[in-house]
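Q: The structure's right below; bear with me while I get my questions together.
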Amino acid sequence: MLAFYKRYWRTAFDIALIALTVWLIMYIFSFLYKIAAPVFFSLLIFACIEPLAKRLHRIGIKKAIASAISILFFTLVILGVFIGAGVLITYEIMEFVDRLPSYQSIFTQEATYWIAWLQSRIELLPDSVVQQSQSVIDSITGWGQRVVTQVLLGLVNVLSSFSTFMFNFGIGIILAYFLSIEIDMWKKIAREKTPNTFKKAFYFLKDNVLAGIVGYLKAQLILVSITFVIILSALLLLGVNNAFMIAALSAVADILPLLGVTTVFAPWIIYLFIVGQTKLAIWLTVILGVVLLARQILEPKITGGTLGVSAYTMLVCMLVSLSLFGVAGVILSPVIVILIKQLHAQGYLRRWIRPPLDYDDPPGGPQGDGGSSAGPNPAV
């Protein structure tokens, strides 16, 4: 064991140092996010409004007026989407919660009927099976009703408690307006005052990390929008109640790897088969198949392997970051994961992590593919 530690202590120390650096970055970012959330909102809003502001400025409109027009347009669109979707989803959720007891009653009656039918066909079942099964079904459906009610009412409370978010978002809009006006000045200061090492690090992040994340988010937005439109259109044609809420929940579930739309549709389809609504269950199965098929066909073409990181790895890192650092960890974890991948792909990690003592580089390793003379600039 002592020989093992003597051989690997340098490698373990370098890996621990990188892990500590990642943890410090995540911790500092989460702390800054708590105390300066409007600043991060302003950067996001600035990225959304600046293209229109630039276009208006090029046609001769003063930059301050162009930024104001762009901010106004952005605000009206966001408020319209938030208010319209919030009111509609809240109404449909409350309506669905009111119907849950009737759904529970229908499910219990149908399940009891089928168990009684099974008992009439199998004489070996004791007479008390129907009564006991009905009690079990009542308890299970009652528990399910309580869980669903709590989840949906919690969602309503989240939709209703936007005071802090709207305050931060409003401050972010104001900051984004001034940033849009002063962006040329800030760019000039950055070019003149920023050390070359930080410039190289920034361009590395911009070209290898941020560009991939932006492309991935755009691709996911397109895929989620396609899922939402397909499900909403199909449910409206079928005359299903709460179609908008179901389509919105399905679109949100579609973002999650390993889960997807099946999370929403599978329990619903099973319930419909049990209560005897076979026709609707078959149509929902067809809709689910269409959505999954469209996702499988379009995802490789739209995403194009933008991130180069498996969905499972990304989801695990986001969940761990959420537990350790909250919402800020979820925001930053994709950046960190892709950054580490790019550092490894471009040879930086091989430079920063010393190999074990008496380690011979395999063919094609750091020395075999050019060594230090052909490697990346370690100053980044």
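Derivation of every value follows stated rules applied to the coordinates shown; laboratory data play no part. Everything numeric in this text was worked out from a predicted model, so none of it was measured. Cβ sites come from the backbone with ideal geometry, for glycine too, and all protein chains shown count toward neighbours.
Q: If neighbour count is taken as other Cβ atoms inside 10 Å, put 279, 341 in order from fewest to most.
A: Details: 279 10, 341 18.
Listed from fewest to most nearby Cβ atoms, that is 279, 341.
Q: Translational D (Stokes-Einstein, µm²/s) of the stretch 1-76 at 10 °C and 1.306 mPa s when Rh comes from the Kirkwood sum over C-alpha pairs? Working shown, then result.
A: Values: Rh = 16.4 Å.
Estimated via Stokes-Einstein, D reaches 97 µm²/s.
Q: Could you sort the peptides 30-38, 225-233 by per-residue average Cβ neighbour count (10 Å cutoff), highest mean leading?
A: Values: 30-38: 14.3, 225-233: 17.8.
The densest-packed peptide leads the list: 225-233, 30-38.
Q: Sticking with this one: Which residues' amide hydrogens lie under 5 Å from the amide hydrogen of residue 61, considering only partners 5 or more residues apart or on another chain, with H built in the peptide plane?
A: Counting only residues 5 or more places away or on other chains, the set is empty.
Q: Explain nothing, just compute: Karplus ³J(HN,Hα) = 6.51 cos²θ - 1.76 cosθ + 1.60, θ = phi - 60°, for every residue of the stretch 268-283 in order, whole Hz, x for Gly and Pro.
A: Taking θ as phi minus 60°, the curve returns 5, 5, 4, 4, 5, 5, 5, 7, x, 8, 5, 4, 5, 4, 5, 4 Hz for the stretch 268-283.
Q: Extending each Cα 7 Å along its Cβ direction at residue 349 and residue 263, get the distance between those two points in nm, one decimal.
A: That separation, rounded to one decimal, is 2.8 nm.
Q: Taking 22 Å as R0, compute the FRET efficiency from the Cβ-Cβ separation of residue 166 and residue 47 and round it to 0.05.
A: Working: r = 20 Å, r/R0 = 0.90.
Plugging the Cβ-Cβ distance into 1/(1 + (r/R0)^6) gives 0.65.
Q: Extension gain residue 63-residue 199, at 0.36 nm per residue separation less the Cα-Cα distance, in nm? Each step should come with its number before you reach the end.
A: Numbers: separation 136, 0.36 × 136 = 48.96 nm, distance 2.69 nm.
Full extension of this stretch gives 46.3 nm more.
Q: Tell me, what HN-Hα J-couplings in whole Hz come from the Karplus equation 6.51 cos²θ - 1.76 cosθ + 1.60 at θ = phi - 60° for each residue of the stretch 340-354, using x for Gly and Pro?
A: 4, 4, 5, 4, 5, 5, 9, x, 5, 5, 5, 7, 7, 9, 6
Q: Next question. Calculate the spin-label point distance for residue 76 paired with residue 185, positioning each point 7 Å from the Cα along the beta-carbon direction, and give it in nanometres.
A: 2.9 nm
Q: To continue, here is another question. Assuming 0.36 nm per residue, please report the length gained on full extension of the stretch residue 10 to residue 28 beyond their Cα-Cα distance. Show your work: numbers first, answer last.
A: On the way: separation 18, 0.36 × 18 = 6.48 nm, distance 2.68 nm.
Going from the current span to full extension adds 3.8 nm.
Q: Here is a further query. Using the Karplus curve 6.51 cos²θ - 1.76 cosθ + 1.60 with θ = phi - 60°, work out ³J(HN,Hα) for each residue of the stretch 39-54 in order, rounded to whole Hz, and write x for Gly and Pro.
A: My calculation for the stretch 39-54 gives 5, 5, 4, 5, 5, 5, 5, 4, 4, 7, 8, 5, x, 5, 4, 4 Hz in order.
Q: Between residue 221 and residue 19, with labels modelled 7 Å along Cα→Cβ, what's the label distance in nm to one decimal, could you check?
A: 3.7 nm
Q: For each pair in 54/199; 54/200; 63/341; 62/188; 62/187, compute the distance between the two Cα atoms and list the pairs where it is over 29 Å. Working shown, then result.
A: On the way: 54/199 24 Å; 54/200 26 Å; 63/341 39 Å; 62/188 20 Å; 62/187 19 Å.
Distance filter (> 29 Å) returns 63/341.
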